[in-house]
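Reviewing the structure listed below.
The values are calculated or read from the model by the stated rules, or taken from the named source; none is laboratory data. All values derive from a computational prediction rather than experimental measurement. All Cβ positions, glycine included, derive from the backbone under ideal geometry; neighbour counts span all protein chains shown. Remember, those area values only see protein heavy atoms, side chains included, never the ligands or the DNA or RNA. Shrake-Rupley method; radii C 1.70, N 1.55, O 1.52, S 1.80 Å.
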Amino acid sequence: MNTETIRFSNTLHENQNKNWVRAIDSTKIINWIDDLFKILFPEKVLETIQIELLLDQNKANFIAILSEIVKDKTANEILDDAESFYTVLPDLYGFMQKDAQAILDTDPAADCIQEIINSYPGFFAIEVYRIANAIASRTSCLLPRILTEYAHSKTGIDIHPSATIDVPFMIDHGTGIVIGETTTIGKHVSIYQGVTLGALQVEKNMQEKKRHPTVEDHVIIYANATILGGSTIIGNHSIIGGNTFITKSVNPYSFVMQSNKNTVLNQQETKDINFFSI
C-alpha cells in the first residue's frame, strides 16, 4: 500500500469517527415507502387479514429502519414512535383521499382517481410529504428528509418535510416546485409547475425563524411564480399569476399579475419586417 493510499485511509477513518458516515442504505427506506403505498393503494382488493399482515410487516421494517437511524432513543422509545405513526396512518390515508378527490374535482385532464394515484407526480409528492411530516413530528432523524428527497428525485417537486400543508392540497404538473421548511399552506390551495415558496434571505442565523411565506385557504398560484419571505402572507381566495415575484403580503381576494404586455402582430402585415432574437 503506497503512502497516498495510507494517508487517504487515515483521513476516511478520522472522518468516520466524526460521523461523516452514510447513516443507512436508502434502498431500505425506498422499499418501505413503496410497500406502504402498495398497501394503501393496491392494484386489486385485498382481504382484511392480508392487509393486517402486510401492515405488520411494514411496521416491522419501519422499526428496523428507525433503529438504524435514531441513535439517541431507547428501543422502547423507538417502538412508541412507530406505534404513534401507525396509529395516525388512518388519518393520513383520509387526507390522501381528500387530496386525490380535490385533484379530480378541479383538473379537467383527470378522468378518474386511479389515474391520479398511479400517474400524477403532484399527488405522489404530496403524500410522501404527508408521511414524512408525520414522522418528523414524532422523531428527529434523517428519515423524513430522505423520503421527501426520494419524491423530489422522482417528480422534480421539492417539499421540505417540516412544512405545514393543510388538506386538500393540489399540485398540477409540478416539476420545479420548491416549498421551504417554514412554509404554511391552507386548505384548497393549488400550485402549478415552477413555483417557489422560499426564503427572502438565506442566512444560517435564521435557522430557527419563520423564513418562508404563508398561503391562506383557496389560493391558486400559477406557473413560475416566486413568493419569498417569512412575513409574506398570500390572503385567502387570491390568484397569483404566472412569472410574478412577490416579497410583500397580498390581501385576500387579490389578483396578482405581471404588468408586461404582449404585442400581437398579424404575420401577413409584417412580411417586410426583420425580427432578431438576441
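Straight-line cross-link partners of K28 among the aspartates and glutamates, defined as a Cα under 20 Å from its Cα and at least 8 positions apart when in the same chain: D56, E68, D81, E83, E127, E149. If you sort Y150, Y222, Y253 by accessible surface, 1.4 Å probe, largest first, the order is Y253, Y222, Y150. Would you work out what percent of the accessible area of the chain, with all protein chains in place, is carbon or sulfur (probe 1.4 Å)? So the carbon and sulfur contribution to the accessible surface is 52 percent.
Decide, for segment 58-110, between rounded, prolate and oblate: order the square roots of the alpha carbon gyration tensor eigenvalues as a ≥ b ≥ c, take rounded if a/c falls under 1.5, and otherwise choose prolate if a/b is larger than b/c, else oblate. It is prolate, given that a/c is not under 1.5 and a/b is the larger ratio.
Straight-distance candidates among the lysines for linking to K210, with alpha-carbon spacing under 21 Å and chain neighbours fewer than 8 residues away dropped: K187, K248. Could you tell me which of rounded, prolate or oblate describes segment 216-255, using a ≥ b ≥ c as the square roots of the eigenvalues of the alpha-carbon gyration tensor, with rounded for a/c under 1.5 and, failing that, prolate when a/b is larger than b/c and oblate otherwise? Judged from the Cα gyration tensor, segment 216-255 comes out oblate (a/c at least 1.5, b/c at or above a/b). Ligands, DNA and RNA are left out, and with a 1.4 angstrom probe the accessible area of segment 1-109 is 69 Å² per residue. The angle between the Cα long axis of helix 143-155 and the main principal axis of the chain comes to about 40°, on a 0 to 90 degree scale. In sequence order, segment 39-46 has phi-based couplings of 6, 6, 10, x, 5, 9, 5, 9 Hz under the Karplus curve 6.51 cos²θ - 1.76 cosθ + 1.60, θ = phi - 60°, and Gly or Pro positions carry x.
Principal-axis analysis of the Cα atoms of the chain puts helix 121-136 at an angle of about 40° to the longest axis. Note the angle between two axes, namely the Cα long axis of helix 3-17 and the longest principal axis of the Cα atoms of the chain, as a number of degrees from 0 to 90, rounded to the nearest 10. The helix 3-17 is inclined about 90 degrees to the chain. Kindly identify segment 12-84 as rounded, prolate or oblate by the Cα gyration tensor criterion: order the square roots of the eigenvalues as a ≥ b ≥ c, call it rounded if a/c is under 1.5, otherwise compare a/b with b/c, prolate if a/b is larger, else oblate. Oblate. When the residues D158, D166, D72, D56 are ordered by accessible surface, computed with a 1.4 Å probe over the protein chains alone, the sequence from largest down reads D72, D56, D166, D158. Charge dipole of the chain (Cα centre as origin; +1 on each Lys and Arg Cβ, -1 on each Asp and Glu Cβ, all else neutral): 920 debye, rounded to the nearest 20. Comparing T27, T214, T11 in a Gaussian network model of the chain, where Cα atoms under 10 Å apart are tied by springs, the biggest mean-square fluctuation is seen for T11. Counting heavy atoms of the protein chains alone, R145 has an accessible area of about 110 Å² for a 1.4 Å probe. Pairs over the 27 Å Cα-Cα cut-off, from the set K44/K154; K18/K154; K71/K154: K18/K154; K71/K154.
Exposure check, 1.4 Å probe, all protein chains in place: D35 carries approximately 60 Å² of accessible surface.
Packing around the peptides 106-117, 121-132, 237-248, taken as the average count of other Cβ atoms within 10 Å per residue, puts them in this order, highest first: 121-132, 237-248, 106-117.
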